[in-house]
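One structure is given here, and the rest of the page talks about it.
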Amino acid sequence: MNRREALKNLGLATGFVVVTPSLISLLQSCNSAPEGWQPVFFNTDETTFVSSIVDIIIPKTEDLPSASELNVIEFIDKYVAEVLDEQEQKHMRETLAEILNNLKGGAENLDKKTSDDYKAILDKYMLVKGEIDEEREANPPKPWVDHTNVINGTKDYLKPTKNEVLNNLKWLTINAYRTNEQIGENVMPYDPIPAQYTCGDLQELTGGKAWSLS
């Protein structure tokens, strides 16, 4: 199994995370992005869009840095470039283009778009549990034999809906942030050499914070 398939099998793109050394390595390689970082996969508009979205999902607060300050955009770019195959990348780019065209509203670029504009896009396309994704309803999943062609071995993935792309970006953002070294060691409860097992209420033990995965 190659690196791409191994990482994909972690399930991160579908919102379920199993932290393994391979994933930690990919995350930590983005902890200290060099100045003048250039994206591997995203183009200029896509980079601007995703950078703005991650900071709406996890904004800067008095106590915590924003997602962009922890180089989350670099991780997402690297994840898409290294984990998704060409067809998945193509479909993601097509859906992002639809979202960007709606956001631009006829403008040539995103220079004058505000945080409120990005929030409006999230409100419009990102659904919450219980809401119906009309795009997926119009194009429901087919039987698994239609997704993997057992004759020639090719894969035929469904193009993600706008809701699915935005929710995947949300999960990538949250989990990249939680697994970042700065958050793992300085914000979340962290025991580099765990020596005992303590059973008790999380609120009493850590003030309600989950244990660090670092």
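No value in this document is a laboratory result; all are computed from the given coordinates. What you see is a predicted model, and the numbers here were worked out from it, not measured in a lab. Reconstructed Cβ throughout: ideal geometry from the backbone, glycine too, with neighbour counts over all protein chains shown.
When you count, for each residue, the other Cβ atoms within 10 Å and take the mean per peptide, how do 104-110, 78-84 rank with the highest first? Kindly include the intermediate steps, with their values, before the conclusion.
On the way: 104-110: 10.7, 78-84: 19.0.
Per-residue mean Cβ counts within 10 Å order the peptides as 78-84, 104-110.
Which links in K78/K159; K104/K142; K60/K142 stretch past 30 Å when you go from one Cα to the other?
Values: K78/K159 20 Å; K104/K142 33 Å; K60/K142 41 Å.
In this structure, K104/K142; K60/K142 exceed 30 Å between Cα atoms.
So what does log10 I(q)/I(0) come out to for the range 59-116 at q = 0.15 Å⁻¹, using the Debye formula with one equal point on every Cα and no solvent?
Values returned for q = 0.15 Å⁻¹ are -0.68.
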